[in-house]
């Protein structure tokens, strides 16, 4: 069975990756944003973290797929989309809640302030 | 190099202490088919791979396995951090407690400390990738046994199911990388007959 793997940016929301993320019991924030009409600035901290995890997962999953299917433009296009969204939301999150990596510049050393992921503080 | 990300790949939020489950789940931390063995296996094998696809997939899956190691460590930590001495004894963890307290130390469910003998780097890309395929299946089978043992604890089941699913995806990607190498080896080679300069096309 030959599937069309050409990029089709307009229909990008319809393809499987979002279903995959929903299957992880992580709500797709995109859908919520579109349906309730609120914007990203109004997301709570927990919602932002959930979204970051969803996007990180999508980016990793697509990267592994692209490693063995480098010519798949549909997957490449999705990887670009989610990578950009991930960067935007990580920048926003870190500005308010402190660094997610030690590469984020701070005026004061905020790396120590938040609980570590294994302590359940960062759900 | 690597940069630490201050998030778990998938959430681990366990409300109840249960050292009995920690005692078996720790096998995916430091056991024969655990995440530490997986990560070291792939990150060591990547240096000798003949093509870009195999190098990339070993590098990227080896990296994801480190995130899984952190998740399994988090599960074990959250299941034991508030355990009483009685609970630890009842779970059969008195010997573990003697040597490690409630630190997370890489051992198998049977208490055998982690050893590099669990992994292989054979100096042969076909042998290595076949080993990786088997490793993913063994890890999947281990997670299924853990899912049976943890059936009554939804907080533990949820991340275990996620981890099991990842083994299946990794198996798929390793299969594709192996097929690429085998296809390349199977292509016909043509040699130009030039006495002074034998060229491979």
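State yes or no: is residue A:84 more than 21 Å from residue B:8 (Cβ to Cβ) and at pLDDT 95 or above?
yes
Which one of the conditions (1) surrounded by fewer than 17 Cβ atoms within 10 Å (Cβ to Cβ); (2) within 13 Å of chain B (Cβ to nearest Cβ); (3) not in a loop (DSSP other than H, G, I, E, B) does residue A:104 fail to meet, given that it meets all the rest?
Only one criterion is unmet by residue A:104, namely (3).
Residue by residue through segment B:12-53, note down the ones that are within 9 Å of another protein chain (Cβ to nearest Cβ) and either over 26 Å from residue B:84 (Cβ atoms) or out of contact with any helix residue (DSSP H, G or I) (no Cβ under 8 Å at 6 or more places or on another chain) (or both).
B:52, B:53
Take residue A:91 and tell me if it is over 11 Å from the mean Cα position of the chain (by Cα), within 11 Å of chain B (Cβ to nearest Cβ) and assigned to a helix (DSSP H, G or I).
no
In segment B:139-149, is there at least one residue being out of contact with any strand residue (DSSP E or B) (no Cβ under 6 Å at 6 or more places or on another chain) and within 14 Å of chain A (Cβ to nearest Cβ)?
Among the residues of segment B:139-149, not one is out of contact with any strand residue (DSSP E or B) (no Cβ under 6 Å at 6 or more places or on another chain) and within 14 Å of chain A (Cβ to nearest Cβ), which makes the answer no.
For segment B:50-63, give me each residue that is under 15 Å from residue B:173 (Cα atoms) and surrounded by fewer than 23 Cβ atoms within 10 Å (Cβ to Cβ).
B:51, B:52, B:53, B:55, B:56, B:59, B:60, B:62, B:63, listed by residue number.
Out of all the residues in segment B:10-40, which are within 28 Å of residue A:100 (Cα to Cα), buried (at least 21 other Cβ atoms within 10 Å of the Cβ) and under 14 Å from the mean Cα position of the chain (by Cα)?
B:25, B:26, B:28, B:29, B:30, B:34, B:35, B:36, B:37, B:38
Can you tell me which condition residue B:165 does not meet? The list is (1) closer than 23 Å to residue B:24 by Cα; (2) in contact (Cβ under 8 Å) with a residue 24 or more places away in the chain; (3) out of contact with any helix residue (DSSP H, G or I) (no Cβ under 7 Å at 6 or more places or on another chain), and all the others hold.
Going through (1) closer than 23 Å to residue B:24 by Cα; (2) in contact (Cβ under 8 Å) with a residue 24 or more places away in the chain; (3) out of contact with any helix residue (DSSP H, G or I) (no Cβ under 7 Å at 6 or more places or on another chain) one by one, residue B:165 breaks only (2).
Among the residues that make up segment B:94-107, is at least one of them surrounded by 19 or more Cβ atoms within 10 Å (Cβ to Cβ), in contact (Cβ under 8 Å) with a residue 40 or more places away in the chain and within 14 Å of another protein chain (Cβ to nearest Cβ)?
The answer is yes, given that some residue of segment B:94-107 is surrounded by 19 or more Cβ atoms within 10 Å (Cβ to Cβ), in contact (Cβ under 8 Å) with a residue 40 or more places away in the chain and within 14 Å of another protein chain (Cβ to nearest Cβ).
Which of (1) in a loop (DSSP other than H, G, I, E, B); (2) within 28 Å of residue B:63 (Cα to Cα); (3) at pLDDT 50 or above is the odd one out, the single condition residue A:26 does not satisfy?
Among (1) in a loop (DSSP other than H, G, I, E, B); (2) within 28 Å of residue B:63 (Cα to Cα); (3) at pLDDT 50 or above, residue A:26 violates only (3).
The values are calculated or read from the model by the stated rules, or taken from the named source; none is laboratory data. This structure is a prediction, so every number in the text was calculated from the model and none was measured. So basically every Cβ, Gly included, is an ideal-geometry build from the backbone, and we count neighbours across all protein chains shown.
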